[in-house]
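To start, the structure itself, in structure tokens.
The values are calculated or read from the model by the stated rules, or taken from the named source; none is laboratory data. Quick caveat: nothing in here was measured; it's all calculated off a predicted structure. So basically every Cβ, Gly included, is an ideal-geometry build from the backbone, and we count neighbours across all protein chains shown.
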């Protein structure tokens with residue numbers, strides 16, 4: 001839904017704000033050549049489109065006072081969100097650097113990186129979490145995320161060729177920031193995966209979707225873990241935290 005919304009506001013800016021199409025094309029070229037993700041382009045583009053529509057002027061031509069006033073209102077009201085504010089600032093910084101306006105980029109506010117303490121589940125909570133999946137497929141998926149410290153995108157793209165039962169390791173491809181890595185394969189998880197393979201006969205991907213040629217779609221509540229741990233922040237991040245701490 002967010003992607004559709006983002007694409008719509010960008011299209012609106014292209015139609016309603018003179019010069020926005022050219023500016024956005026330069027932004028897209030910089031993002032692609034810089035190896036940044038499509039979501040980065042969408043997030044930055046959406047924020048730049050909104051400020052351009054607000055002033056009916058391309059963002060790169062806005063005065064410092066206009067930008068500061070706009071950012072002040074975002075920060076003061078706290079809406080749409082803190083992440084939206086950060087995307088607006090980072091998007092504007094990148095845009096000004098594209099146009100060789102380093103002086104304008106430097107004058108934008110510096111954002112302190114938040115470092116909240118990780119939420120770590122107890123052994124009892126972990127057991128409850130892993131048993132929450134109604135299907136063997138879901139239970140193995142949760143256990144694999146926990147044991148290997150995988151992100152949802154990584155578990156979704158995981159293929160059978162990436163699981164090395166001989167060396168007891170997993171090759172993680174298509175990772176965040178495009179940095180591939182190897183992680184250890186737990187003996188218990190290896191045993192569970194073999195049992196899962198015999199029961200489900202997946203093709204290509206470790207976890208297939210309804211279409212056997214496509215990967216499993218990880219959605220909120222898909223494996224029932226959202227309701228399994230109460231008063232905890234974002235279960236999927238809690239699970240991954242155990243591997244990284």
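Residues are listed down the side, and each one gets a yes or a no for (1) in contact (Cβ under 8 Å) with a residue 40 or more places away in the chain; (2) farther than 15 Å from residue 89 by Cβ; (3) crowded, with 17+ Cβ neighbours inside 10 Å:
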residue	(1), (2), (3)
17	yes, yes, yes
23	yes, yes, yes
26	yes, yes, no
29	no, yes, no
35	yes, yes, no
59	no, no, yes
65	no, yes, no
76	no, no, no
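Here the range 113-131 is the region considered, the condition is being touching a residue at least 12 places away in the same chain (Cβ under 8 Å) and assigned to a loop (DSSP other than H, G, I, E, B), and the residue that is farthest from residue 20 (Cα to Cα) is 121.
If you take the residues in the range 173-187 that are in contact (Cβ under 8 Å) with a residue 24 or more places away in the chain and either under 12 Å from residue 154 (Cβ atoms) or outside any loop (DSSP other than H, G, I, E, B) (or both), which one is farthest from the chain's Cα centre (by Cα)? If we take residues in the range 173-187 being in contact (Cβ under 8 Å) with a residue 24 or more places away in the chain and either under 12 Å from residue 154 (Cβ atoms) or outside any loop (DSSP other than H, G, I, E, B) (or both), then 184 is farthest from the chain's Cα centre (by Cα). Would you call residue 107 under 30 Å from residue 31 (Cβ atoms) and surrounded by 15 or more Cβ atoms within 10 Å (Cβ to Cβ)? No, not satisfied.
For the range 200-215, how many residues meet the condition of being modelled with pLDDT of 85 or more and closer than 15 Å to residue 144 by Cβ? Let's see the steps before the verdict.
Residues of the range 200-215 that are modelled with pLDDT of 85 or more, as a first pass: 200-208.
After this cut, where a residue has to be closer than 15 Å to residue 144 by Cβ as well, the list is 200, 202, 205-208.
Result for the range 200-215: 6.
In the range 157-167, is there at least one residue being on the phi > 0 side of the Ramachandran plot and assigned to a helix (DSSP H, G or I)? No.
Residue 53 meets the conditions (1) out of contact with any helix residue (DSSP H, G or I) (no Cβ under 9 Å at 6 or more places or on another chain); (2) closer than 22 Å to residue 105 by Cβ in every case but one. The failed one is (1). Under the condition of being crowded, with 17+ Cβ neighbours inside 10 Å and without any contact (Cβ under 8 Å) to a residue 40 or more places away in the chain, the residues counted in the range 87-98 number 3. Residues in the range 113-125 that are surrounded by 13 or more Cβ atoms within 10 Å (Cβ to Cβ) and more than 24 Å from the chain's Cα centre (by Cα): 125 only. Residues of the range 132-156 that are farther than 23 Å from residue 182 by Cα and either in a loop (DSSP other than H, G, I, E, B) or without any contact (Cβ under 8 Å) to a residue 60 or more places away in the chain (or both): 132, 133, 134, 135. Do we have residue 49 as assigned to a helix (DSSP H, G or I) and either modelled with pLDDT of 90 or more or farther than 21 Å from residue 15 by Cα (or both) here? When the stated conditions are applied, residue 49 passes them. Scanning the range 70-112 for residues that are under 22 Å from the mean Cα position of the chain (by Cα) and outside any helix (DSSP H, G or I) turns up 78, 79, 80, 81, 111, 112.
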